[in-house]
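This report refers to the structure that appears directly beneath it.
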Amino acid sequence: MGYSSLRACVDDLAAAGQLRRIDTPLSPRLEIAEVQRRVFARGGPALLFTNVAGTRFPVLSNLFGTSDRVHYIFRDALDRVRRLVELKIDPGAFLRQPWRYAAAPLAAWTMLPKSVRGGPVLEQTCAIQDLPQLVCWPEDGGAFITLPQVYTEHPDQPGWQKSNLGMYRVQLSGGSYTPGGQIGLHYQIHRGIGVHHAAAIARGEPLRVNIFVGGPPAMALAAVMPLPEGLSELMFAGALNRRRVRMTRGNGHLPMHAEADFVICGSIDPAQTLPEGPFGDHLGYYARVHDFPVMRVERVYCRRDAIWPVTVVGRPPQEDTLFGQIIHEITGPVIPSVLPGVRGVHAVDAAGVHPLLLAIGSERYVPYEGRRKPRELHTQALAILGQGQLSLAKYLWIVAHEDDPGLDVHDIGGLLRHALARVDWTTDAHFLTRTNIDTLDYSGSGLNEGSKVFITAAGPCRRELPASLPVDFNLPAEWGLDDPRVPLPGVLVLRGPRYRGMDQDAGDTRVILERTTTAPRISDDAVSRFCARVPLSHALNQFPLVVVVDDSEFTARTLNNFLWVTFTRSNPAHDMHGVGETTEQKHWGCRGALVIDARQKPWHAPPLVEDPDVTRKIDALGVRGGPLEGLV
């Protein structure tokens with residue numbers, strides 16, 4: 001069904017038994033976030049906190065916390081949106097099966113935003129200080145909006161047709177911001193708002209910005225949807241909500257969502273930046289302090305019955321994982337039409353999304369060859385890495401559909417095993433150096449900077465993958481690595497010595513967070529020396545992939561642990577080594593095992609850890625007879 005407001009959605013979930021009111025007094029500093037993380041992990045209900053310290057507004061969390069709830073919220077629209085995607089792929093389908101697409105004209109009508117003279121959001125005004133000041137992690141630099149919908153229009157082409165609605169982290173307090181008058185607008189590399197900001201800077205004028213919070217849930221999902229540049233998210237939100245998005249100008253210069261719960265109106269000065277952060281991010285670490293644009297706040301509007309929606313990011317999976325799942329469900333079928341020959345792409349949430357992509361392609365260039373080898377996969381890999389936000393991927397593994405037509409791109413362990421059984425490390429690893437990576441990824445050579453590698457695998461199996469250590473396996477003490485573990489067939493995890501320089505500033509997280517990422521990198525050749533000592537005849541080379549970590553037991557304990565440690569703590573060009581390394585015509589490879597150094601380095605940001613006092617308090621509230629019994 002289409003919702004006219006967030007309140008209507010909350011009431012619907014409550015009637016369906018999918019929402020729990022929490023009237024117990026809780027602080028927006030750490031306590032709400034602690035409850036949210038636990039309830040999400042248990043697959044619990046949406047939560048409406050009605051007694052939040054320091055604010056009169058109720059706080060809603062875990063709205064998108066389960067796949068079933070996401071499908072319930074959008075139950076009447078997902079099928080219609082899928083039909084529109086099908087028509088995008090094949091417009092002729094409308095003529096062949098008109099009955100299947102009978103609702104398409106109405107769906108297309110709902111995609112057009114509707115201009116209205118007023119709206120519920122204009123009922124009241126408030127101040128930034130009146131808003132719930134959510135702080136999720138102990139070292140966060142202040143309160144953040146975690147589900148904002150940031151609306152901008154192109155200065156050279158105003159109007160919703162060239163607008164952008166994006167979800168960028170907004171810092172409400174702390175740091176050097178003038179309380180109530182300035183807020184931080186953190187947008188990462190390759191985001192749509194950057195095009196608008198660049199145009200405003202070229203014109204020498206401020207960029208007008210409206211930040212919507214709340215409103216129908218379709219608006220939040222639209223804000224994270226990776227739509228092509230120039231296609232308005234307002235159109236997608238209308239189709240998903242089965243209701244045209246109401247936009248009003250009110251007293252401002254830029255349209256605002258009339259049915260939002262809150263709208264923060266202001267502008268970005270073209271020349272001003274201020275330090276923003278640190279904050280816990282979706283990779284599971286703290287993002288450091290960096291200069292980002294500053295928004296000058298002019299007015300804050302709110303509905304009379306306003307609700308403040310929040311989420312909590314951290315080491316995946318978290319609630320934003322469900323965003324990724326529904327995005328893939330909607331957009332997955334269109335991938336072959338955008339990337340010819342590519343049958344599926346999976347941005348792996350457990351590895352932080354951008355650090356690891358898995359893909360299944362086609363190998364049709366030379367079908368008459370006696371032995372299949374990667375050829376078309378190279379073209380497809382480059383196309384993937386040139387496509388929108390997929391271009392921020394750090395590791396891409398791509399395999400040929402023809403080798404196993406039943407392979408599922410979402411079967412992470414299965415695809416990795418398939419690739420490792422076929423990969424030839426002398427030819428199949430291809431590097432892109434000194435290029436863009438995710439802003440939040442600190443494994444690279446600097447902010448937004450690092451390297452990529454795409455690994456291709458095609459043809460018959462080259463090797464059997466050991467699922468356990470060979471009987472005669474041993475590691476001489478002088479090699480410096482120990483505690484071998486096998487997290488999945490063909491993969492060996494070893495504990496390495498602490499990376500040189502990791503002991504400096506030990507225990508002082510704040511110093512680490514404020515250190516710039518442009519500081520000189522500390523050299524540590526422990527892994528390269530290890531690789532040079534391992535003979536090709538050693539049993540270690542039965543494992544095509546070896547990963548060196550700080551804690552091999554933790555890394556090998558679960559597949560998610562392995563993915564998180566390996567791909568968030570390594571930079572391909574810096575941290576990939578190999579036994580029997582070769583370089584031929586500037587192409588690097590190795591004749592033995594590929595070895596990834598995934599130890600934590602001094603320039604990495606520290607992982608997120610809960611506050612023990614808050615943990616104890618929430619534990620106490622969850623005991624038998626406590627107000628949070630059965631939730632946490």
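The values are calculated or read from the model by the stated rules, or taken from the named source; none is laboratory data. Nothing here was measured: the structure is a model prediction, and the numbers come from that model. Cβ sites come from the backbone with ideal geometry, for glycine too, and all protein chains shown count toward neighbours. Just the protein is used for accessible areas: all its heavy atoms, side chains included, with ligands, DNA and RNA removed. Shrake-Rupley method; radii C 1.70, N 1.55, O 1.52, S 1.80 Å.
Hey, any idea what Rg/Rh is for region 193-235, computing Rh the Kirkwood way over Cα pairs? Show your work: numbers first, answer last.
On the way: Rg = 12.6 Å, Rh = 12.1 Å.
That ratio equals 1.04.
Could you state the per residue volume, in Å³, of the convex hull enclosing the Cα atoms of the chain? Let's see the in-between values first.
Details: hull volume 107.5 nm³, N = 632.
It comes to 170 Å³ per residue, whole-number rounded.
Compute the whole-percent fraction of alpha carbon pairs in region 585-632 spaced more than 15 Å apart.
On the way: 797 of 1128 pairs.
The share of Cα pairs beyond 15 Å in region 585-632 comes to 71 percent.
Compute, for Glu139, the solvent-accessible surface of its heavy atoms (probe 1.4 Å) with the complete set of protein chains present, and express it in square angstrom to the nearest 10.
Solvent-accessible area, nearest 10 Å²: 50 Å².
Sorted by average packing, counted as other Cβ atoms within 10 angstrom per residue and highest first, what order do 120-127, 193-200 take? All intermediate terms of the calculation are to be shown ahead of the outcome.
Details: 120-127: 16.5, 193-200: 18.9.
Listed from highest to lowest mean packing, they are 193-200, 120-127.
Please report, in whole Å, how far the alpha carbons of region 535-632 spread along each principal axis, starting with the longest.
The principal-axis extents, from largest down, are 68, 30, 17 Å.
Enter the per residue convex hull volume of region 347-428, computed from alpha-carbon coordinates, in Å³ rounded to the nearest integer.
Details: hull volume 7.9 nm³, N = 82.
With only Cα atoms used, region 347-428 gives 97 Å³ per residue.
In the structure displayed, which of Lys452/Lys601; Lys162/Lys452; Lys114/Lys162 lie more than 21 Å apart, Cα to Cα?
Working: Lys452/Lys601 18 Å; Lys162/Lys452 32 Å; Lys114/Lys162 16 Å.
The answer is Lys162/Lys452.
In Å, the Kirkwood hydrodynamic radius of region 274-323 over pairs of distinct alpha carbons? Write out the running numbers ahead of the final one.
Working: mean 1/r = 0.0731 Å⁻¹.
Evaluated on region 274-323, it is 13.7 Å.
What's the center-to-center distance, using Cα atoms, between region 274-314 and region 348-395 in Å?
34 Å
For the chain, report the accessible area per residue in Å² (1.4 Å probe, heavy atoms, rounded to an integer). Mind showing how you got there, number by number?
On the way: 24920 Å² over 632 residues.
The answer is 39 Å² per residue.
Could you compute Rg(Cα) / (2.2 N^0.38 Å) for region 278-432, with N its residue count?
Numbers: Rg = 19.8 Å, N = 155, 2.2 N^0.38 = 15.0 Å.
Normalised Cα radius of gyration, region 278-432: 1.33.
When only alpha-carbon atoms count, how far does region 157-242 stretch along each of its three principal axes, as whole angstroms with the largest first?
42, 30, 21
Taking amide H positions as placed 1.01 Å from N in the peptide plane, with prolines and chain starts having none, which residues 5 or more places from Met256, or on another chain, fall under 5 Å of its amide H?
Thr248, Arg249
To make sure I understand the rule: partners must be aspartates and glutamates, Cα under 19 Å from the Cα of Lys586, and not fewer than 8 residues away in the same chain. Which ones qualify?
The reachable aspartates and glutamates, counting only those whose Cα sits under 19 Å from Lys586, are Asp424, Asp428, Asp575.
Go through region 307-317 residue by residue and turn each phi into a ³J(HN,Hα) via Karplus (6.51, -1.76, 1.60, θ = phi - 60°); whole Hz please, and just put x for glycine and proline.
10, 9, x, 9, 9, 10, 9, x, 4, x, x
At a 1.4 Å probe radius, carbon and sulfur cover how many percent of the accessible area of the chain?
51 percent
Counting only the heavy atoms of the protein chains, how much of Leu26 is accessible to a 1.4 Å probe, in Å² to the nearest 10?
10 Å²
For a quick protection proxy, order the peptides 364-372, 67-75 by their average other-Cβ count within 10 Å, most packed first.
Working: 364-372: 10.0, 67-75: 16.7.
Sorting 364-372, 67-75 by mean packing, highest first, produces 67-75, 364-372.
Treat region 181-303 as a sphere of radius equal to its Kirkwood radius over Cα pairs and apply Stokes-Einstein at 20 °C in a medium of 1.002 mPa s; give the translational diffusion coefficient in µm²/s, rounded to a whole number.
Numbers: Rh = 15.8 Å.
It diffuses with D of about 135 µm²/s by this estimate.
Would you pull out the residues with amide H under 5 Å of Arg299's amide H, same chain only if 5 or more places away, H placed 1.01 Å from N?
Cys265
With viscosity set to 1.567 mPa s and temperature to 4 °C, compute the Stokes-Einstein D of region 239-307, Rh being the Kirkwood radius across alpha carbon pairs; µm²/s, no decimals. Walk me through the numbers on the way to the answer.
Details: Rh = 15.0 Å.
D, rounded to a whole number, is 86 µm²/s.
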